[in-house]
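The structure under discussion appears below in the form of structure tokens.
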Amino acid sequence: MDYGLSPRSVITLGLSGYWADARTPDESLQSYMVGLRYFYSIDPLFELWTPGAWLLGVNGSLETTDYDGPNPVVNPGVTQQDVEWIVGAQAIVPVTDSTSAIAILQRHDIDSNLPNFETSNTSAWLGLSWHF
Amino acid sequence: MLTDRLLYGDAGVPVDPVRAREEYRLAAERGSTEAMYALGQLLLAGVGGPADPAEAAAWFRHGAEFNDVACQLALADLLLRGVGVPQDEMAALALIRRAVELGSADAQLALGQLYELGRLVPQDSAQAVSLYRQAAEQGQMEATFRLGLAYMDGMGVAPDTEEAARLFLAAGSEGHAGAQYHLGLLYLQGRGVERDPEAAYLWFRIAQSQLPPGSTNALEVERALADAASTMDEAELAAAEARAEELLAAAPEPGQSAPDEFGLSGSLFAGLCWQSNANGGPSASLVQFRGNLVPLSDSGQAESDVNVFAVLGLTHTADLDGTTLETVFSGYANRQREATLDDNTLLELSTGPLIELGQTALGDLTVRPYAIGTYLASEDTAYMWAGAAAASRRRPRSTGGWAPTAASNTANEASATARPIRRTATRTAANTPSISAWTTGCRPAR
């Protein structure tokens, strides 16, 4: 859901629920996510082939996941529960009428009650986006 | 929406513009920019109560502050004309420019016209053509027509009657009478297309059917029709007239969409990605295997790597007897430089109807229940099918919303899709066979 906060800024709220019913309890899960994304447009620092505001954004999300039963190979006595965090920043620069350069920096952490699933990752993305 | 039914009527609901105005006012006071725009239009036209241009301008201004391009353009129009507000052409120009920045095709057309005329800005045909082109690429019919005129006349661009004919055909097929008339002229004169008086006659007849009888434009089309008819013999003319009648009888009523309307849009995002933990390795040095803590094997340690990736998104909408069916395809693939076991390909296809709930406490909501199919390929392969539903706030009127929405959505989709796919560390901990390595921790990206 997008909400314009001002002519230059917009905030997006995302909510989702996910349920999977698999053949085994350790693969069945319920997951809930809340996410926020905020974009602010700035005047172009320089113009490429097309005029257009540059977008700077930050985003974050929190997701909890509960499985239905323990995975006997990992730990038959513990049912996995995860909490996922994602925070990131994005910059979008229009290049032509239909293409944009996009840079993303993101941090992703998973806290789990099983050490096997605790993980963290930092990623940096650079690419071109074409809309048609 | 109830307010639309109150205004325009519907089975069992009387037309009640007074109540419609009040409904719009309530919705506007709750923050709906669509309602602000609609209420402003009612106040301007004096529908459902006395006309009040000053209050209309106030609502447009409120909507404009909330990024609604329709409100921005409506307020710009009042400022240009000095209706309901003191005339302020530069403020109007600033609003139009702001709406252009937000990607509004209507604003691109408006600013293009100002550049073409040299009003409020220095006359600049090339800039006008550039803006018309941007708007035309978003399907703005008038801009497509004006771009066609530019190509026909060589205004701000090298003359190219073939391109002009293509653009007139695009706008004319969508019902633009001016484009239909000019396409007829090109057929009659054999410019940009092979000379074809019958085709010219047909386009003139279609244009004529849309113009108010007796209007200047209608009289001009009548003269062109006579010119086309004078080049045909009686049999050819009779055949052309019969064909025109057939085409006009089959044309959809105003407000109806053409039956073969086909909407496909999409985006492709590709590039390079560096990850500190490309293989999704656990942070801990000890992991569990059958409840016992064991050291994480070397191969299970987190590894950084660089990959090339591509994300493709395609959306198709179809009108099925008044219900919009939206089908979305998403594809993600990456190829790691070293951690090739973590190369993966994810394909998703979902389809479902868009159901408008109308005004709610959260705004104008649309719900999309959908069925989804997911295919994931990596060192192991999993298939997953599920049903799901998503709700979204309806986009603002016009082309509104946020300028590079497609770009930001693509970026968001990419980062969501490409989360490191979790793998159980059991395999790496104890060299046991893979236990649904992907399906355990992997879910389709949302």
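Filtering segment B:313-347 to residues that are touching a strand residue (DSSP E or B) at 6+ places or on another chain (Cβ under 7 Å) and part of a loop (DSSP other than H, G, I, E, B) leaves B:337, B:338, B:339, B:343. Confirm whether residue B:181 is hydroxyl-bearing (Ser, Thr, Tyr) and either surrounded by fewer than 22 Cβ atoms within 10 Å (Cβ to Cβ) or within 14 Å of chain A (Cβ to nearest Cβ) (or both). Spelling it out, it is not the case that residue B:181 is hydroxyl-bearing (Ser, Thr, Tyr) and either surrounded by fewer than 22 Cβ atoms within 10 Å (Cβ to Cβ) or within 14 Å of chain A (Cβ to nearest Cβ) (or both).
Working carefully through the options B:77, B:88, find the one that is touching a residue at least 12 places away in the same chain (Cβ under 8 Å) and among the charged types (D, E, K, R).
Working: B:88 fails: touching a residue at least 12 places away in the same chain (Cβ under 8 Å).
Going through B:77, B:88 in turn, the sole match is B:77.
Taking the numbered list (1) surrounded by fewer than 20 Cβ atoms within 10 Å (Cβ to Cβ); (2) under 14 Å from the mean Cα position of the chain (by Cα); (3) closer than 28 Å to residue B:314 by Cβ in turn, residue A:54 passes all entries but (2). The sole residue among A:112, A:120, A:100 that is at pLDDT below 90, in contact with a Ser or Thr (Cβ under 9 Å, 6 or more places away or on another chain) and not β-branched (Val, Ile, Thr) is A:100.
Under the condition of being surrounded by 19 or more Cβ atoms within 10 Å (Cβ to Cβ), within 14 Å of another protein chain (Cβ to nearest Cβ) and touching a helix residue (DSSP H, G or I) at 6+ places or on another chain (Cβ under 7 Å), the residues counted in segment B:63-105 number 19.
If you take the residues in segment B:131-171 that are part of a helix (DSSP H, G or I) and β-branched (Val, Ile, Thr), which one is nearest to residue B:107 (Cα to Cα)? Don't jump to the end; show me each part of the working.
Initial filter on segment B:131-171 (part of a helix (DSSP H, G or I)): B:131-137, B:141-153, B:161-171.
When the remaining residues are screened for being β-branched (Val, Ile, Thr), the result is B:144, B:161.
Working: B:144: 14, B:161: 26 Å.
Of everything passing the filter in segment B:131-171, B:144 is nearest to residue B:107 (Cα to Cα).
Restricting B:83, B:129, B:69 to residues that are farther than 29 Å from residue A:99 by Cβ and not small (Gly, Ala, Ser) narrows the list to B:83. If you check residue B:193 against the conditions, is it part of a loop (DSSP other than H, G, I, E, B), more than 19 Å from the chain's Cα centre (by Cα) and of a type in the set (A, V, I, L, M)? In short, yes.
Would you check if residue B:51 is in a loop (DSSP other than H, G, I, E, B) and either modelled with pLDDT of 80 or more or over 31 Å from the mean Cα position of the chain (by Cα) (or both)? Yes, satisfied. When residue B:109 is tested against the conditions (1) buried (at least 19 other Cβ atoms within 10 Å of the Cβ); (2) over 28 Å from residue A:41 (Cα atoms); (3) away from chain A (no Cβ under 14 Å); (4) within 24 Å of the chain's Cα centre (by Cα), the lone failure is (2).
It is to be established whether one or more residues within segment B:300-311 are at positive phi and in the same structural domain as residue B:370 (by TED's automatic domain parsing).
To start, the set of residues in segment B:300-311 that are at positive phi comprises none.
Within segment B:300-311, not a single residue is at positive phi and in the same structural domain as residue B:370 (by TED's automatic domain parsing).
Taken over segment A:88-132, the criterion of being in contact (Cβ under 8 Å) with a residue 40 or more places away in the chain, outside any strand (DSSP E or B) and either within 7 Å of chain B (Cβ to nearest Cβ) or not polar (S, T, N, Q) (or both) is satisfied by A:95, A:97, A:114, A:116. Can you pull out every residue in segment B:41-51 that is touching a residue at least 24 places away in the same chain (Cβ under 8 Å) and closer than 13 Å to residue B:78 by Cα? Once the filter is applied, which keeps residues that are touching a residue at least 24 places away in the same chain (Cβ under 8 Å) and closer than 13 Å to residue B:78 by Cα, segment B:41-51 yields B:41, B:44. Taking the stated definitions as given, is residue B:205 in a helix (DSSP H, G or I), among the basic types (Lys, Arg) and in contact (Cβ under 8 Å) with a residue 40 or more places away in the chain? Yes: the conditions hold for residue B:205.
Being in a loop (DSSP other than H, G, I, E, B), among the hydrophobic types (A, V, I, L, M, F, W, C) and facing chain A (nearest Cβ under 10 Å) is a description that does not apply to residue B:310.
Return yes or no: is residue B:74 of a type in the set (A, V, I, L, M, F, W, C) and under 24 Å from the mean Cα position of the chain (by Cα)? Yes: the conditions hold for residue B:74.
Looking across segment B:297-317, the residues that are free of Cβ contacts under 8 Å to residues at least 40 places away in the same chain and in contact with a Lys or Arg (Cβ under 9 Å, 6 or more places away or on another chain) come down to B:305, B:306, B:307, B:308.
Among residues belonging to segment A:18-37 that are part of a strand (DSSP E or B) and among the polar types (S, T, N, Q), point out the one that is farthest from the other protein chains (Cβ to nearest Cβ).
Kept after step one, since they are part of a strand (DSSP E or B), are these residues of segment A:18-37: A:18-20, A:29-37.
Okay, now just the ones that are also among the polar types (S, T, N, Q), so A:30-31.
Working: A:30: 11, A:31: 7 Å.
Per the stated criteria, the residue is A:30.
Looking only at segment A:79-109, which residues are within 14 Å of residue A:29 (Cα to Cα) and hydrophobic (A, V, I, L, M, F, W, C)? Across segment A:79-109, the qualifying residue is only A:83.
The set of residues from segment B:260-307 being charged (D, E, K, R) and within 7 Å of chain A (Cβ to nearest Cβ) comprises just one member, B:290. Against the test of being at negative phi, among the aromatic types (Phe, Trp, Tyr), assigned to a strand (DSSP E or B) and modelled with pLDDT under 65, the options A:3, A:40 yield a single qualifying residue, A:3. Scanning segment B:24-43 for residues that are surrounded by fewer than 22 Cβ atoms within 10 Å (Cβ to Cβ), on the phi < 0 side of the Ramachandran plot and at pLDDT below 90 yields a count of 5. The residues of segment B:240-270 that are modelled with pLDDT of 65 or more and either of a type in the set (S, T, N, Q) or touching a strand residue (DSSP E or B) at 6+ places or on another chain (Cβ under 7 Å) (or both), listed by number, are B:263, B:264, B:265, B:266, B:267, B:268, B:269, B:270.
The values are calculated or read from the model by the stated rules, or taken from the named source; none is laboratory data. If you're wondering where the values come from, they're calculated on a predicted model, not measured in any experiment. For neighbour counting, all protein chains shown are included, and Cβ atoms are generated from backbone atoms with ideal geometry for every residue, glycine included.
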